[in-house]
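Bear in mind that the values in this text are calculations on the coordinates, not laboratory data. If you're wondering where the values come from, they're calculated on a predicted model, not measured in any experiment. Positions of Cβ are generated from backbone atoms using ideal geometry, with glycine treated the same way; all protein chains shown enter the neighbour counts.
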Amino acid sequence: MKPYYLVSLVLGLLQMPLLSAETSRWYNDDQVKQGAKVFAANCAACHGKNAEATKEWRKRDANGNLVPPPLNGTAHAWHHPLKLLRHTVRKGGAPVGGTMPPFEGKLSATEIDSAIAWFQSMWSDEIYTAWSKRNADDGFQLIKPKQQSADSPTTRLLRQRLRGVEVGKPQKTEVKDLYQVRAGSEYAYLFSGGRYALIGNLIDLQTGQNLTEQAKEKLTLQLLETFPESDMVIYPPEDTTQQTLTILTDTDCPYCRKLHKEIPQLQKAGIRVRYIPFPRGGKQGKGYADMKAVWCAKDRTVAMDIAKGVNSGDIDMNGCMEAAAVDRGYEFGLKIGLRGTPAIILQNGRMLEGYVPADRLIELSRTNQSQ
Ligand code: HEC
């Protein structure tokens, strides 16, 4: 496990306020998950990343306007029944002489509800209960969740701690009462019925096998199977294929270019190289634009060689600027927990992050035969 993922998973676990599952709320996990995205994109700029805004929310700004209040349960939002919360988000601050923009027409009713669900998921049970009571006084019936997402009791607490992160089904391990569970692209181990989590690598000292790595390799392979070859740029081996390497690449990254120069050496050794585009800077910038051009080109390998500077010429873009494959590649990279390029996936699912010289790759391909 790479240290920064470990850190983010641990921090995620520590920072998330815990909901009691005993208090039933009007929304379900899926709404909270969607709401996290809606809030980050539309509300966080004013109300804060964690809806914490500012402790000084009672003061007015230099123009005498209200400042965006926290929505995490520390300010007033719980005074307003659901109807009014929805109304505020739809109409913005204008009806009360405020400055918040209206979201009517910009967000659907479902999206607005999900954003409310998300910030309410931060409210303590006391605040939530007080709020529910106001709803009842308002003659308002709280809608019941349509479907509670399938929640295993073992992963219940972890899910609540890691809202917004996809938590997989718990798997039994060889160790009694210890469950392995995937959280995003990382693994945690749960015991005592899911009350406690350990994050790290599970190693069988008798066989020397790293069971966590094995699980990750399996997951990478499973995800890789869903990524079609038609979305890749493929360099076939000179002769028959001995091994396949899948490389997440960015035309704009110096070590990707260095590795690219060594492709003929890999081809000679019977290695089939498959490129998946992964614009490191996200869906913007030069790497993103260049890769779209490459993936649009009539002959992608020729275009790739040009984009990576081993050949000169113009990329024939075939009149296309779409290349959704680049977006799909980016999303695939995020799913497997990637942060940088190049990242090399061996045939058995093992992922190497960063540049590895061709002769070492050839050696590794031979020793890491797929099982
Ligand atoms: C441009 C800044 C800005 C954005 C973006 C914004 N808000 Fe606000 N929000 C405010 C301000 C300022 C107030 C206080 C009332 C006013 O002045 O309009 C407020 C008030 C609220 C209130 C009432 C809270 C209370 O305690 O009375 C809610 C609920 C709310 N916002 C939700 C949201 C949601 C959900 C989003 C995203 C969909 C959002 N806001 C986006 C600035 C913003």
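When +1 charges are put on Lys and Arg Cβ atoms and -1 charges on Asp and Glu Cβ atoms, the dipole computed for the range 25-137 relative to its Cα centre reaches about 260 debye. Close amide H partners of GLY48, meaning residues 5 or more places away or on another chain with modelled amide H under 5 Å apart, are ALA53.
The value for the range 183-248 of Rg(Cα) / (2.2 N^0.38 Å) is 1.60. Work from the charge dipole of the chain (Cβ charges, +1 for Lys and Arg, -1 for Asp and Glu, about the Cα centre) and give the residue of SER114, PHE227, VAL175 farthest towards its positive end. Of SER114, PHE227, VAL175, it is SER114. Taking the Cα centre of the range 225-367 as origin and assigning +1 to Lys and Arg Cβ atoms and -1 to Asp and Glu Cβ atoms, the resulting dipole is close to 380 debye. Once both labels are positioned 7 Å from their Cα atoms along Cα-to-Cβ, the gap between ASP125 and ARG366 label points is 6.3 nm.
Across the range 323-371, the volume of the C-alpha convex hull divided among the residues equals 90 Å³ per residue.
Charged side chains reduced to their Cβ positions (Lys and Arg at +1, Asp and Glu at -1) give the range 156-305 a dipole of some 700 debye around its Cα centre. Taken one residue at a time, the phi angles of the range 182-195 give Karplus couplings (6.51, -1.76, 1.60, θ = phi - 60°) of 8, 10, x, 9, 10, 10, 10, 10, 10, 9, 6, x, x, 6 Hz. Gly and Pro are set to x. Size of the chain: Rg and Dmax of its alpha carbons, in Å, are 25.1, 77.
Each Lys or Arg adds one and each Asp or Glu takes one away; over the other residues whose Cβ falls under 10 Å from the Cβ of VAL67, this sums to +1. As a proxy for reagent exposure, ranking ASP305, ASP250, ASP299 by other Cβ atoms within 10 Å from fewest up yields ASP299, ASP305, ASP250. Using the Cβ of CYS253 as centre and a radius below 15 Å, the other residues enclosed give a net charge of +2, where K and R count +1 and D and E count -1. Express as a percent, rounded to the nearest 5, the fraction of DSSP beta bridges in the chain (both residues included) that run antiparallel. Approximately 75 percent, going by the DSSP bridge assignments. 3J(HN,Hα) along the range 43-60, derived from phi through the Karplus expression 6.51 cos²θ - 1.76 cosθ + 1.60 where θ = phi - 60°, amounts to 10, 4, 4, 9, 8, x, 4, 10, 6, 8, 6, 9, 5, 8, 5, 6, 7, 9 Hz, with x in place of Gly and Pro. Ordering TYR355, TYR330 by the number of other Cβ atoms within 10 Å of each residue's own Cβ, fewest first, gives TYR355, TYR330. Compared with the rule-of-thumb size 2.2 N^0.38 Å for a compact globular protein, the range 225-367 has a Cα radius of gyration ratio of 0.96. Each residue of the range 337-347 was assigned a 3J(HN,Hα) from its phi angle through the Karplus expression (A = 6.51, B = -1.76, C = 1.60, θ = phi - 60°), giving x, 7, 10, x, 10, x, 10, 10, 9, 6, 4 Hz with x at Gly and Pro.
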